[in-house]
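The values are calculated or read from the model by the stated rules, or taken from the named source; none is laboratory data. Computed from a predicted structure; not experimentally measured. Here Cβ is always computed from backbone atoms with ideal geometry, including for glycine, and neighbour counts include all displayed protein chains.
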Amino acid sequence: MSSVVQKASSNVRAAVSQRALTFDKLKTALFFYVVWTNSLKLYRHLCARGIASTLTDVYKWVAQKVILLVLRMPKMKKKVETEMAKAKIDIESKLVPQGPNVIRHLSLPSQGKTSDWITQEMQRMDEEMGNEVDWRSGKLSGAVYHGGPDMEQIIVAAFQRYCVSNPLHPDVFPAVRKMEAEIVAMCLRMYNNPDGAGTTTSGGTESIVMAVKTHREWARLEKGITEPEMVVPESAHAAFDKAADYFKIKFHSIPVDPVTRQVDLKRVKRAINANTIMLVGSAVNFPDGNMDPIPELGALAKKHNIGLHVDCCLGSFIVPFLDEAGFSEFPDFTGTGGRKKVPLFDFRVPGVTSISCDTHKYGFAPKGSSVVMYRNAELRRHQYYLNPEWMGGVYASPSLAGSRPGSLIAGTWAAMQYMGRDGYLASCKSIVSCARKIGQAITDSIPELYVLGNPPASVVAFASRSPQVNVLEVGDKMRQKGWHLNGLMRPAAVHIACTRLTVPIVDQFIADLKDSVNEAKLSPSGQGSMVAVYGLGTSSAVGPKMVSRLATAFLDALYKA
Ligand SMILES: *Cc1c(COP(=O)(O)O)cnc(C)c1O
């Protein structure tokens, strides 16, 4: 009996200890799994960022925490808050009309107004605020992509005809559906992919956000990627960061070559790993108008079976015409671009999976219009949103918006028909000539400044090579002469995106720029808005946090009636 019990109990003990053993093994396995995945994450992060910039990041992070702690001390906090409050009032006073005499329309009029009243009131409001920058003078960078005096009529006529139309209901507005499909088809041919697919969107940002969403879905379904990452040049548009932020995608920002301003391919290669869903290249980028090496990026995308989005939002209706317009080579502002051919950047490059093209930039379409294109219709399907079980009915929509303005589609279609290939070719010739003239003038006759890279299209950015000249101060002096240019960071620089409005006043721009450089050298005020904002942003580790607070105050002020 006892031997039986003994045997049984020893069996049980063995079983228990065996179980304990497996439990222990499991615990160890789990421990190593956690260590392994986190090491992998750290390793991938180090590969993408490099050891030096990771250490700089850590240093910055620590410095930021320390300064923030100091700023939280009651005395400092009070000082910061008073300064912020002052800045906020300053921002509001610039944007929102002040005083007891301002008429505000804060609730619905109890009785509807007449059409005459509306026109008069709009005129009065225009006069009440005045405008600091008169866009018709042409003295501004980008912002208004004007298609000439007749274009306004063409667009308004299209708006009027299709005022209430909504492409969400193609059975009610069949012509709008057809025009939308034709806009996409025309762009696909322009970017050499007639058999591809695409959709219209509300602007470049939506095109980019949609392309990122499409690649994320594609990678999840085709490759099982659940922790997506994307590899993006730091010169790419902020819309990519925005998309990564919205969709929780890990974002690797890759530096550009300091001379050519093209993305550093070695760093791109290092950042690619098993979770990468897509690469990005710009043709051309917003900050300095340079073009990333798209064929090389395409080869990398193909090798790793991942996507490559080429951002042609700004290049739009300029870059497809460069060759024909006689600009098949890069300019040579740096001594590195001499007689180098502009390579292919569209769907002819193997590996390119999507392209965004803003009809509302150099296409001269009304604002709120862009196109996102894919290599094939299969890829486009990952952009769609479908809900077959919605209580409100089967719901299917191609992009972010539900209801959409058919009038914008009609306006865009009309603008493209009105311009035609010859119109866009002529606009490319005059705009790119204008940009090259500015770049050449800076290179040849303004020794204090240099052009960033060898921008092939419409944008020219310049930085200072003289310790006596702060380029942001030059931007502020230009502002005093009526020019509205863009300030840039890393390095501090200023750019102009030439438009048709810039073309007739290019000589004045160059003359004003020379004067501004001299004035900035002789009498720097240090008070202009470019110096203030970008000076603050780069002043210390918490600079960006402070600028973010100011930017938030700015956004709040936009909605102050
Ligand atoms: C303008 C622009 C975009 C998108 O901008 P939207 O203002 O949303 O139309 C994207 N990329 C580049 C390079 C741009 O210049």
For the range 294-312, which positions are under 19 Å from the mean Cα position of the chain (by Cα) and more than 16 Å from the ligand (Cβ to nearest atom)?
Gly307
All conditions in (1) more than 16 Å from the ligand (Cβ to nearest atom); (2) farther than 23 Å from Leu46 by Cα are true of Phe286 except (1)
Looking at the range 235-283 only, could you name the residues that are within 13 Å of the ligand (Cβ to nearest atom) and in contact with a strand residue (DSSP E or B) (Cβ under 7 Å, 6 or more places away or on another chain)?
Ser235, Ala236, His237, Phe240, Asp241, Val280, Gly281, Ser282, Ala283
So, Pro504, is that one part of a loop (DSSP other than H, G, I, E, B) and either modelled with pLDDT under 95 or within 16 Å of the ligand (Cβ to nearest atom) (or both) or not?
no
Quick check, is Gly298 touching a residue at least 60 places away in the same chain (Cβ under 8 Å) and in the same structural domain as Arg216 (by TED's automatic domain parsing)?
no
Could you tell me which of the residues Phe345, Phe317, Phe327, Phe364 is crowded, with 16+ Cβ neighbours inside 10 Å, in the same structural domain as Arg220 (by TED's automatic domain parsing), part of a loop (DSSP other than H, G, I, E, B) and on the phi > 0 side of the Ramachandran plot?
Phe364
Consider the range 258-268. How many of its residues are surrounded by fewer than 15 Cβ atoms within 10 Å (Cβ to Cβ) and either assigned to a strand (DSSP E or B) or not β-branched (Val, Ile, Thr) (or both)?
2
Of the residues in the range 424-454 that are buried (at least 24 other Cβ atoms within 10 Å of the Cβ) and polar (S, T, N, Q), the one that is farthest from the chain's Cα centre (by Cα) is Ser427
Here the qualifying pairs (Cβ atoms under 6 Å; residues six or more apart or on different chains; first in the range 240-252 and in contact (Cβ under 8 Å) with a residue 60 or more places away in the chain and within 16 Å of Ser282 (Cβ to Cβ); second of a type outside the set (Val, Ile, Thr) and surrounded by 16 or more Cβ atoms within 10 Å (Cβ to Cβ)) come out as His252/Ala48; His252/Ala271
Anything in the range 516-544 that is out of contact with any helix residue (DSSP H, G or I) (no Cβ under 7 Å at 6 or more places or on another chain), surrounded by 14 or more Cβ atoms within 10 Å (Cβ to Cβ) and at pLDDT 80 or above? List them, or say none.
Asn518, Lys521
Identify all residues within the range 314-330 that are within 16 Å of the ligand (Cβ to nearest atom) and more than 14 Å from Asp346 (Cβ to Cβ); write none if there are none.
Leu314
Kindly check whether there is at least one residue in the range 81-99 that is under 30 Å from Ile254 (Cα atoms), surrounded by 11 or more Cβ atoms within 10 Å (Cβ to Cβ) and among the aliphatic types (A, V, I, L, M).
no
Among the candidates Leu42, Leu68, which residue alone is part of a helix (DSSP H, G or I) and in contact with a helix residue (DSSP H, G or I) (Cβ under 8 Å, 6 or more places away or on another chain)?
Leu68
Take Thr200 and tell me if it is surrounded by 12 or more Cβ atoms within 10 Å (Cβ to Cβ), in contact with a Lys or Arg (Cβ under 9 Å, 6 or more places away or on another chain) and assigned to a helix (DSSP H, G or I).
no
Does Ala158 count as out of contact with any Gly (no Cβ under 6 Å at 6 or more places or on another chain) and not in a strand (DSSP E or B)?
no
Conditions (1) more than 22 Å from His484 (Cα to Cα); (2) in the same structural domain as Asn518 (by TED's automatic domain parsing): number failed by Ile431
(1)
Look at the range 223-238 and say how many of its residues are assigned to a helix (DSSP H, G or I) and of a type outside the set (A, V, I, L, M).
1
Arg380 versus (1) in a loop (DSSP other than H, G, I, E, B); (2) away from the ligand (no atom under 12 Å from the Cβ); (3) of a type outside the set (A, V, I, L, M, F, W, C); (4) surrounded by fewer than 22 Cβ atoms within 10 Å (Cβ to Cβ): which is the lone unmet condition?
(1)
Filter pass, Asn486 being over 28 Å from Leu425 (Cα atoms) and either in the same structural domain as Leu452 (by TED's automatic domain parsing) or in contact (Cβ under 8 Å) with a residue 12 or more places away in the chain (or both)
no
Residues to consider are Asp245, Asp288, Asp241; find the one that is assigned to a loop (DSSP other than H, G, I, E, B) and in the same structural domain as His304 (by TED's automatic domain parsing).
Asp288
